[in-house]
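Here's the structure, in structure tokens; my notes come after.
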Amino acid sequence: MSHYLAFVFADDDGFGFTLPDIDGFTAYAESTDFYEAVSIARETLASHMELVVDAGGELPIPRSLAALRADPELREEWDLADLTTMLPALLPAGRTKRINITMDEHTL
């Protein structure tokens, strides 16, 4: 299973999440409970990933922590983030489809 690094920004009302490997992805959880906020961010990421796949897009491959640390464009985010966490790249299970086929009984 792959994981994406998330920068976490805290304020008085909740937590914001950005993922440097997924352009434009942000999530905000209006909760002071960090574990609940991470759960909300995971659900938001799963929904985002499902939309990308349904639209025919490809998901970016998560970079290693060393590669993210070495990226000069992320230096400011590393400095400003209150903490970091990893969010799993979980795609929801596919929808079930009912099919009716005819085939040779010996093939079954």
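So what are the three principal axis dimensions of the range 1-44 from its Cα atoms, in whole Å, longest to shortest?
28, 20, 13 Å, listed from the longest principal axis down.
Looking only at GluC sites (Glu not before Pro) in DSSP loops with at most 12 other Cβ atoms within 10 Å, what is the longest site-free stretch of the chain?
In short, 59-104.
How big is the range 13-108 by Rg and Dmax over its Cα atoms, in Å?
19.0, 64
For helix 34-54, report the angle its Cα long axis makes with the longest principal axis of the Cα atoms of the chain; keep it between 0 and 90° and round to the nearest 10°.
Helix 34-54 sits at roughly 50 degrees to that axis.
Would you work out the charge dipole size for the chain about its Cα centre, treating the Cβ of every Lys and Arg as +1 and the Cβ of every Asp and Glu as -1, and quote it to the nearest 20 debye?
560
Can you tell me the accessible area per residue over the range 1-65, all protein chains present, probe 1.4 angstrom, in square angstrom? If you can, show how the numbers build up before the last one.
Values: 3830 Å² over 65 residues.
So the range 1-65 comes to 59 Å² accessible per residue, rounded to a whole number.
With the contact rule set at Cα under 8 Å and sequence spacing of 6 or more, what percent relative contact order holds for the chain?
36
How many percent of the accessible area of the chain is carbon or sulfur, using a 1.4 Å probe?
On the way: 3920 of 7780 Å².
Carbon plus sulfur share of accessible area: 50 percent.
7 Å from Cα along Cα→Cβ at both residue 11 and residue 35: what's the point-to-point distance in nm?
It works out to 2.6 nm between the two label points.
The values are calculated or read from the model by the stated rules, or taken from the named source; none is laboratory data. Not measured: the values here are computed from a predicted model. In this analysis, Cβ positions are derived from the backbone assuming ideal geometry, glycine residues included, and neighbour counts consider all displayed protein chains. We work out accessible area using only protein heavy atoms, side chains counted, and drop any ligands, DNA or RNA first. Shrake-Rupley method; radii C 1.70, N 1.55, O 1.52, S 1.80 Å.
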